[in-house]
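*Asks:* Sharing a structure with you now.
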Amino acid sequence: MMTRSPDTDRQERQPRAAMATATIVAMSVTIGIFIFELTSSLYDLQAEMPRFGVSVTLELSATQRGIIGLDHALDMIRHTGPRPATLDQLRRASDILFVRLKGFDGDHTINRIGNFPKLRTEADGIIDRIDRVFEEGTFDDMEGFDRLAADVDRLMVRFDSLYHRFANHTDLEVHEHQIKLSRMHQLVIWVIVLLLGVAAMAGFLISHRERVIERQRRAERLLAREQMRLEEAVESLNDGFVLFDKDDRLAICNQRYRDLYPRSAHLMKPGITFRDLIRLGIEAGEYSDAVDDPEGFLEMRMEAHGHADGRVVEQKLADGRTIRISERRTADGGIVGIRSDISEIRQREEALAVSEKRYRFLASYDTLTGLGNRAFFSDTVECMLETLPPDDGRTIVLLLDIDGFKEINDAFGHKTGDETLKIIANRLLSTMPDGGLAARVGADQFAVAVSSFGEVDALRRVADAVMKVFEDDVVIGDQRLVVSVTMGIAACPDHAEHADELLSRADLALYRAKQVSRGSWMIYDPEIGLQRALRRDLEVSIRRALHENEFDLALQPKLSLGDGEVCGVEALLRWFDPYRQQYVNPGEFIPVAESSNLILEIDRHVIREGCTRAMAFRDRYGCDLAIAVNLSGAHFRRAQLVGLVEDALAASGLPSHLLEIELTEGVLVHDRRLSESIIQRLHDIGVRIALDDFGTGYSSLAYLRDLPLDRLKIDRSFVMKIENSPRDQSIVRTFVNLGHELGMKVIAEGVETIRQMRYLHDIGCDDVQGYYIARPLIGEDFDNWMKNRSWLPMLEEMNAARQSPS
Ligand code: C2E
Ligand code: CA
Ligand code: CA
């Protein structure tokens with residue numbers, strides 16, 4: 001489209017303006033000067049008037065005198081006879097005239113009347129003529145002489161009239177007249193000034209308007225040039241450029257922008273709204289993210305577009321490319337956007353990330369289980385600690401040590417060992433709550449980290465959950481392994497601030513837990529808040545459990561290998577916590593009960609209940625079954641125990657030999673003499689004494705010799721291994737022989753397989769107890785087991801196996 005050149009306009013406009021201005025100014029000035037001149041001359045004349053009047057008067061007196069003389073001379077000439085007079089007469093007459101006229105002093109007078117130009121011309125003419133008359137001596141021409149005289153007369157008359165006009169005015173009148181004129185003059189000056197001002201103003205306004213228009217034109221030109229440059233620049237960009245106006249309609253975009261969106265390029269016409277552009281683009285199948293939820297995608301794009309605060313958004317296109325979008329609002333409310341194809345960058349980054357991941361995996365992961373290693377665990381826990389809210393956040397680290405993993409390796413081979421680790425790793429992973437972390441931190445050690453908020457009880461929940469992982473046997477091929485763990489626990493901020501410290505605290509706790517019992521868990525440092533709180537919690541629960549009668553006894557049968565009959569039961573405490581809605585492991589609550597002496601009450605309950613139950617067996621099963629109860633070491637530091645047992649026996653009517661008390665070597669640690677005497681007195685009243693967990697403690701022969709023990713109970717950790725470990729086989733055999741040597745019956749606990757039972761039978765072990773025969777049974781289960789004589793098939797199986805030529 002052709003446009004009128006702004007330059008032409010300007011060229012035309014400028015002189016027009018200048019001319020108009022000049023004309024106005026010139027006219028104003030001309031009119032001004034004219035009026036000024038007019039009034040000035042009037043004014044000057046009038047201002048001179050009084051003086052002029054006087055001077056005219058004076059001068060006229062002289063003139064009159066001259067005129068009188070002239071008249072006389074003329075008369076003389078007239079009267080000198082018939083014309084022409086003689087030369088002498090004329091010469092005389094002229095002398096006289098001349099002398100007279102000298103007094104006329106015409107020049108002086110004429111100067112005075114200089115402001116009366118007509119009068120002056122008249123006077124000048126008269127003087128000229130007089131001069132000419134005298135010089136040319138034409139006095140002989142009487143007509144000329146008469147004319148001269150007449151002119152002089154007329155001149156005099158003019159002078160007279162002037163004189164009279166002004167002489168009639170008083171000075172005051174002249175003065176008033178003068179003031180009036182002066183005012184008029186001032187007025188005229190103001191009018192001139194005003195006119196000049198108006199002219200100047202008009203000139204200024206005109207030129208200003210011209211300037212404004214010119215500036216506007218220049219701006220337009222500049223804008224046009226800028227626009228051109230902008231378009232050039234925009235086109236030369238490597239990135240897609242797009243500008244939407246304040247109504248969100250497309251204003252401009254470059255070719256690169258259209259190229260980036262090939263499926264919607266045809267839509268990119270000025271005026272299309274952003275919403276339509278995206279909506280139609282979705283319909284054209286431009287965006288891969290829009291496939292599932294086009295409406296959602298559209299709204300999401302609209303929202304991001306609405307922000308337009310420079311934040312970067314990435315967009316996946318249907319052809320697999322990734323576009324980076326950045327938009328900003330312009331000053332006029334529009335939106336300017338840049339689109340870059342970052343597909344290549346993304347691909348490179350992804351490739352890099354994959355190799356980095358691989359590298360990091362190798363550096364931080366355990367290749368066997370796929371879990372993080374110790375370094376990874378420690379780094380990750382450190383991050384967890386950093387993001388922990390300061391008030392009620394807590395990160396709990398549990399260090400798990402697989403009990404007897406070395407034995408698993410030795411007994412079943414490394415392959416089985418590895419498989420076991422993998423299975424445990426998977427089980428741990430499956431129990432991790434959100435944000436939980438499981439890692440393999442040592443050959444047979446795993447670590448778990450969990451962040452919890454607010455409640456201290458989370459620790460127990462986590463510990464329970466982790467312990468549950470090991471409840472089920474690990475099955476590898478046709479092998480079935482019982483895997484248990486011992487755990488040490490530490491928490492931040494209760495015990496340490498940093499990951500490594502936490503791990504080492506958990507390690508210390510693990511060490512202690514191992515000392516106490518395998519399969520248990522222990523929290524670091526009993527003095528620090530968390531454990532105290534947990535303990536207090538548990539104590540409160542135990543008190544409530546006692547009060548609410550939540551404790552129950554599970555009975556685990558003992559089988560006599562000699563006659564194949566059930567020879568007794570072990571009473572094992574069971575506590576179903578209605579608040580946790582689960583059975584609480586005795587390994588958890590018994591240590592707490594022991595530390596708070598609640599155990600005394602618990603065991604009193606167990607002794608009483610045990611006696612009562614055993615007493616009932618007679619009627620129910622028609623035989624005498626001994627009941628064994630476990631007593632805490634705490635009782636052996638108190639003399640009351642004997643009285644308590646006596647009371648229970650008396651109350652139930654149970655013969656004392658049907659009550660067996662299981663104690664561990666640990667009971668002798670504190671006050672050996674007192675404990676020995678208590679044991680002795682129990683023995684004296686006929687109660688049977690069994691040494692539990694034999695082989696795990698000091699196993700001092702001195703105890704065995706000095707204490708009145710009836711029974712040795714070989715710890716299940718030995719029984720567990722007799723199938724595969726010749727060393728453990730010989731240990732167990734030695735224990736059996738030792739017991740018999742010292743006149744004791746020997747029972748093996750933790751018998752879980754027929755082969756174990758057979759071996760124990762073969763080496764002469766008296767009794768067996770364990771899951772193979774029966775799990776600890778509650779209520780009806782025990783009743784059914786007894787009534788069904790459920791142990792018989794096992795015995796038959798054992799005997800059959802023994803007789804078969806294997
Ligand atoms: P313990 O006296 O050595 O009891 C045997 C534990 O081994 C029981 O665990 C029993 O359930 C478990 N057990 C029995 N047979 C097998 C088997 O074949 N395989 C395996 N893996 N385990 C078997 P429980 O009931 O959890 O008791 C743990 C410990 O708690 C007991 O160890 C005992 O020291 C203590 N305890 C249990 N009841 C009482 C009680 O009434 N008073 C006191 N003071 N301590 C008790
Ligand atoms: Ca026991
Ligand atoms: Ca035991």
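*Asks:* Does Asp245 satisfy being surrounded by 14 or more Cβ atoms within 10 Å (Cβ to Cβ), of a type outside the set (Gly, Ala, Ser) and at pLDDT 90 or above? Spell out the reasoning first.
*Replies:* On the way: surrounded by 14 or more Cβ atoms within 10 Å (Cβ to Cβ): yes; of a type outside the set (Gly, Ala, Ser): yes; at pLDDT 90 or above: yes.
Considered against the rule, which asks whether it is surrounded by 14 or more Cβ atoms within 10 Å (Cβ to Cβ), of a type outside the set (Gly, Ala, Ser) and at pLDDT 90 or above, Asp245 comes out as yes.
*Asks:* When region 669-686 is examined, which residues are found to be surrounded by fewer than 23 Cβ atoms within 10 Å (Cβ to Cβ), of a type in the set (A, V, I, L, M, F, W, C) and either free of Cβ contacts under 8 Å to residues at least 24 places away in the same chain or closer than 26 Å to Ala748 by Cβ (or both)?
*Replies:* Val669
*Asks:* Moving on to the next point. Of all residues in region 332-349, which are over 17 Å from Val312 (Cβ atoms) and surrounded by 10 or more Cβ atoms within 10 Å (Cβ to Cβ)? Quick ask: steps written out before the conclusion?
*Replies:* If we filter region 332-349 for residues that are over 17 Å from Val312 (Cβ atoms), which is where we start, we get 332-334, 347-348.
Selection gives Gly333, Gly334, Gln347, Arg348.
*Asks:* Continuing with the same structure: Among (1) within 16 Å of ligand 3 (Cβ to nearest atom); (2) more than 26 Å from Arg673 (Cβ to Cβ), there is one condition Ala628 misses while meeting the rest; what is its number?
*Replies:* Every condition holds for Ala628 apart from (2).
*Asks:* Which one of these does Gln227 not meet: (1) surrounded by fewer than 16 Cβ atoms within 10 Å (Cβ to Cβ); (2) within 34 Å of the chain's Cα centre (by Cα); (3) not hydroxyl-bearing (Ser, Thr, Tyr)?
*Replies:* (2)
*Asks:* Having 3 or more residues that are within 16 Å of ligand 2 (Cβ to nearest atom) is the bar; report the helices (runs of 4 or more DSSP H) wholly within region 619-721 that clear it. Give the derivation first.
*Replies:* On the way: elements: 640-652, 672-684, 701-706, 716-719.
Qualifying helices (runs of 4 or more DSSP H): 716-719.
*Asks:* Can you tell me which residue within region 687-697, out of those that are β-branched (Val, Ile, Thr) and away from ligand 3 (no atom under 13 Å from the Cβ), is farthest from Met744 (Cα to Cα)?
*Replies:* Val687
*Asks:* Here is a follow-up. Any residue in region 438-449 that is touching a residue at least 60 places away in the same chain (Cβ under 8 Å) sitting within a Cβ distance under 8 Å of a residue that is β-branched (Val, Ile, Thr) and surrounded by fewer than 20 Cβ atoms within 10 Å (Cβ to Cβ)? List the pairs, counting only those 6 or more apart or interchain.
*Replies:* Ala439/Thr380; Ala449/Thr380
*Asks:* Spot the failing condition for His635; the list is (1) under 18 Å from Val667 (Cβ atoms); (2) within 16 Å of ligand 3 (Cβ to nearest atom), and only one is missed.
*Replies:* Unmet condition: (2).
*Asks:* Look through region 589-634, keep the residues that are buried (at least 19 other Cβ atoms within 10 Å of the Cβ) and among the acidic types (Asp, Glu), and return whichever of them is nearest to Ser484 (Cα to Cα).
*Replies:* The selected residue is Asp603.
*Asks:* Please go through region 595-612 and pick out each residue that is on the phi < 0 side of the Ramachandran plot and either hydrophobic (A, V, I, L, M, F, W, C) or not in a helix (DSSP H, G or I) (or both). Step through it out loud before you land on a result.
*Replies:* Applying the first criterion (on the phi < 0 side of the Ramachandran plot) to region 595-612 yields 595-596, 598-612.
Matches in region 595-612: Ser596, Leu598, Ile599, Leu600, Ile602, Val606, Ile607, Cys611.
*Asks:* Inside region 248-285, can you point out the residues that are hydroxyl-bearing (Ser, Thr, Tyr), surrounded by 16 or more Cβ atoms within 10 Å (Cβ to Cβ) and outside any helix (DSSP H, G or I)?
*Replies:* Result: Tyr261, Ser264.
*Asks:* From the set of residues in region 746-787 that are in contact with a helix residue (DSSP H, G or I) (Cβ under 7 Å, 6 or more places away or on another chain), of a type outside the set (Gly, Ala, Ser) and within 16 Å of ligand 2 (Cβ to nearest atom), which is nearest to Asp478 (Cα to Cα)?
*Replies:* Val751
*Asks:* Would you mind finding the one in Arg215, Arg211, Arg221 that is among the basic types (Lys, Arg) and touching a residue at least 24 places away in the same chain (Cβ under 8 Å)?
*Replies:* Arg221
*Asks:* Please go through region 550-588 and pick out each residue that is of a type in the set (S, T, N, Q) and either surrounded by 22 or more Cβ atoms within 10 Å (Cβ to Cβ) or within 10 Å of ligand 1 (Cβ to nearest atom) (or both).
*Replies:* Here is the first cut: in region 550-588, the residues of a type in the set (S, T, N, Q) are 556, 560, 581-582, 585.
Within region 550-588, Gln556, Asn585 qualify.
*Asks:* Related question: I need the full set of residues from region 734-769 which are within 60 Å of the chain's Cα centre (by Cα) and either farther than 24 Å from Tyr703 by Cα or away from ligand 3 (no atom under 16 Å from the Cβ) (or both), in order please. Reasoning before the result, please.
*Replies:* Filtering region 734-769 for residues within 60 Å of the chain's Cα centre (by Cα) gives 750, 752.
Result: Glu752, single match.
*Asks:* Do we find a residue being within 14 Å of ligand 1 (Cβ to nearest atom) and over 60 Å from the mean Cα position of the chain (by Cα) anywhere in region 652-659?
*Replies:* Of region 652-659, the ones within 14 Å of ligand 1 (Cβ to nearest atom) are 659.
Going one step further and asking which of them are over 60 Å from the mean Cα position of the chain (by Cα), we end up with 659.
For region 652-659, residues within 14 Å of ligand 1 (Cβ to nearest atom) and over 60 Å from the mean Cα position of the chain (by Cα): present.
*Asks:* Also, I was wondering about something else. Looking only at residues in region 715-733 that are more than 60 Å from the chain's Cα centre (by Cα) and buried (at least 21 other Cβ atoms within 10 Å of the Cβ), which one is nearest to ligand 1 (Cβ to nearest atom)? First the steps, then the outcome.
*Replies:* Kept after step one, since they are more than 60 Å from the chain's Cα centre (by Cα), are these residues of region 715-733: 719, 722-733.
Filter once more, so that each one left must be buried (at least 21 other Cβ atoms within 10 Å of the Cβ): 719, 722, 732.
Numbers: Val719: 8, Ile722: 13, Val732: 15 Å.
In this case the residue turns out to be Val719.
*Asks:* Give region 747-788 a look and list any residue that's exposed (fewer than 13 other Cβ atoms within 10 Å of the Cβ) and assigned to a loop (DSSP other than H, G, I, E, B), or say none.
*Replies:* Listed by number, the residues that qualify are Gly779, Asn788.
*Asks:* Continuing with this model, one more query. Would you call Thr380 surrounded by 12 or more Cβ atoms within 10 Å (Cβ to Cβ), in contact with a Leu (Cβ under 6 Å, 6 or more places away or on another chain) and assigned to a helix (DSSP H, G or I)?
*Replies:* On the way: surrounded by 12 or more Cβ atoms within 10 Å (Cβ to Cβ): yes; in contact with a Leu (Cβ under 6 Å, 6 or more places away or on another chain): yes; assigned to a helix (DSSP H, G or I): yes.
In short, yes.
So that you can scan it fast, the table gives a plain yes or no per residue for (1) within 16 Å of ligand 1 (Cβ to nearest atom); (2) surrounded by fewer than 22 Cβ atoms within 10 Å (Cβ to Cβ); (3) under 41 Å from the mean Cα position of the chain (by Cα):
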residue: Val474; (1), (2), (3): yes, yes, no
residue: Ser484; (1), (2), (3): yes, yes, no
residue: Leu508; (1), (2), (3): no, yes, yes
residue: Arg512; (1), (2), (3): no, yes, no
residue: Gly519; (1), (2), (3): yes, yes, no
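*Asks:* Being under 24 Å from Val485 (Cα atoms) and among the hydrophobic types (A, V, I, L, M, F, W, C), is that true of even one residue in region 674-689? Please lay out each step first, then the result.
*Replies:* Looking only at region 674-689, we keep the residues that are under 24 Å from Val485 (Cα atoms), and these are none.
Checking region 674-689: not a single residue is under 24 Å from Val485 (Cα atoms) and among the hydrophobic types (A, V, I, L, M, F, W, C).
*Asks:* I want to confirm something. Restricting to region 570-589 and keeping residues that are within 16 Å of ligand 2 (Cβ to nearest atom) and touching a residue at least 60 places away in the same chain (Cβ under 8 Å), which single residue is nearest to Arg711 (Cα to Cα)?
*Replies:* So the residue we want is Glu570.
The values are calculated or read from the model by the stated rules, or taken from the named source; none is laboratory data. None of these values were measured; they are calculated from a predicted model. Cβ sites come from the backbone with ideal geometry, for glycine too, and all protein chains shown count toward neighbours.
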